[in-house]
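Accompanying notes for the structure given below.
The values are calculated or read from the model by the stated rules, or taken from the named source; none is laboratory data. All values derive from a computational prediction rather than experimental measurement. Cβ placement follows ideal geometry from the backbone for every residue including glycine, while neighbour counts extend to all protein chains displayed. Surface areas here come from the heavy atoms of the whole protein model, side chains and all, with no ligands, DNA or RNA. Shrake-Rupley method; radii C 1.70, N 1.55, O 1.52, S 1.80 Å.
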Amino acid sequence: MTDKLEIRMPDDWHLHLRDGAMLNAIAPISAAHFARAIIMPNLVPPVVTSDDAHQYYQRIQAALPRGSTFQPLMTLYLTEESDPDDITAAAQSGLVKAVKLYPAGATTNSQSGVRDFDKVRGVFERMAEIGLPLCIHGEIADNTTDIFDREAIFIDKVLEPIRSSNPQLRIVLEHVTTSNGIEYVKSVESGLAATLTTHHLVINRNHILAGGIRPHYYCLPIAKRESHRLALRAAATSGDKRFFLGTDSAPHVDTAKETACGCAGCFTALNTMSILAHVFEEERALDKLASFTSLNGPHFYQLQPNSSHMFMVKQNQPVEFPPCIQTSEGTLTVFDPGFPLFWQAEPMQN
Ligand code: DOR
Ligand code: ZN
């Protein structure tokens, strides 16, 4: 039995670090497990301009432990007023690695996102020209569309038209949750990839709704039925270069989750690597773990894999993770996978 694995230091290709006290509480957690992360721009107000991104970058750096080498890879929040020249400058300075498209109303702090996709055509053209990837929250933001169908319909109605009018634009379909999404990404040879979260590999919609409402499993896109979860696991553990980890670790304090209208998001940064090792072992795919966490992402983003390594060590006893973290904004519940975790991440500096 394999009980110690050495893998390249992982990266998180979709992470919410927030701001202020929450940023200070959680940035060190991601920095302990990941070398780099694509940082989501859905702050209030959002990170729209290169100047916003530069200032947010400085705040993240200030929240990291002294001597940390963690690299925040910044993104810009696409609005209908985004300026192609500003985006180009941000990309060419090396600060910004992607632009994020939120359909307006699709998720947390997406109100400033895009309603009319024709209005961002010029931005897409420029991004294709300069080779800057577009990260997409792939859900139709229409309250008349069933929440469980929003991803599949987005792919047909929005993603396919964007791709066919911008064949050179490199796109990440983020936090894919359906077999439709997996099949769509697999049908495209290059220029399209998908991130998968840790929690969608572990939960289906029963976890949220059967036997009582469990708000800490509520996230967007919402977890789907079991057959979709199995398709996500097959893709994640396949080694296919088009699929890689984006945790979408999205902290909200408990008072914002355990309420009549709770926020979407699972906080997984703390135990993600342990959960993933468990999932990959169950799928007899531990040899593919590094492809998913450490190699396929840099391949898509045209970056080098990290030179540092991490050990995943299997313990005889379950590893104890705190069920919650105290922050000065309130208590933050850590994602509970619902099974004991035996794998422990041991980062190793080279
Ligand atoms: O569950 C989610 N939480 N999905 C998102 O798309 C946004 C995120 C957040 O920012 O809380
Ligand atoms: Zn997200």
statement: segment 187-296: helices (runs of 4 or more DSSP H) wholly inside it with 2 or more residues that are open to solvent by 50 Å² or more (accessible area, probe 1.4 Å) and within 16 Å of ligand 1 (Cβ to nearest atom) are 205-209
- request: Could you check Gln111 against (1) at pLDDT 95 or above; (2) surrounded by fewer than 18 Cβ atoms within 10 Å (Cβ to Cβ); (3) within 13 Å of ligand 1 (Cβ to nearest atom) and say which number it fails?
  value: (1)
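Yes/no per residue for (1) without any contact (Cβ under 8 Å) to a residue 24 or more places away in the chain; (2) assigned to a loop (DSSP other than H, G, I, E, B); (3) surrounded by 20 or more Cβ atoms within 10 Å (Cβ to Cβ):
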| site | (1), (2), (3) |
| --- | --- |
| Ala21 | no, no, no |
| Val47 | no, yes, yes |
| Gln55 | yes, no, no |
| Gln58 | yes, no, no |
| Ala62 | yes, no, no |
| Arg66 | yes, yes, no |
| Glu80 | no, yes, no |
field: Number of the condition not met by Glu151 [criteria: (1) within 13 Å of ligand 1 (Cβ to nearest atom); (2) acidic (Asp, Glu); (3) in a loop (DSSP other than H, G, I, E, B)]
entry: (3)
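Quick check on Gly138: is it open to solvent by less than 40 Å² (accessible area, probe 1.4 Å), within 22 Å of Ile208 (Cβ to Cβ), in a helix (DSSP H, G or I) and in contact with a Leu (Cβ under 8 Å, 6 or more places away or on another chain)?
no
Filter segment 304-316 down to the residues that are in contact (Cβ under 8 Å) with a residue 40 or more places away in the chain and either open to solvent by 50 Å² or more (accessible area, probe 1.4 Å) or not aliphatic (A, V, I, L, M) (or both) and list them by number. Steps first, answer last, please.
Initial filter on segment 304-316 (in contact (Cβ under 8 Å) with a residue 40 or more places away in the chain): 305-314.
Hits for segment 304-316 are Pro305, Asn306, Ser307, Ser308, His309, Phe311, Lys314.
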statement: Within segment 1-19, restricting to residues that are open to solvent by less than 20 Å² (accessible area, probe 1.4 Å) and either within 15 Å of ligand 2 (Cβ to nearest atom) or outside any strand (DSSP E or B) (or both), the one that is farthest from Thr88 (Cα to Cα) is Met9
query: Residue check: is Thr75 among the hydroxyl-bearing types (Ser, Thr, Tyr), modelled with pLDDT of 95 or more and in contact with a strand residue (DSSP E or B) (Cβ under 7 Å, 6 or more places away or on another chain)?
result: yes
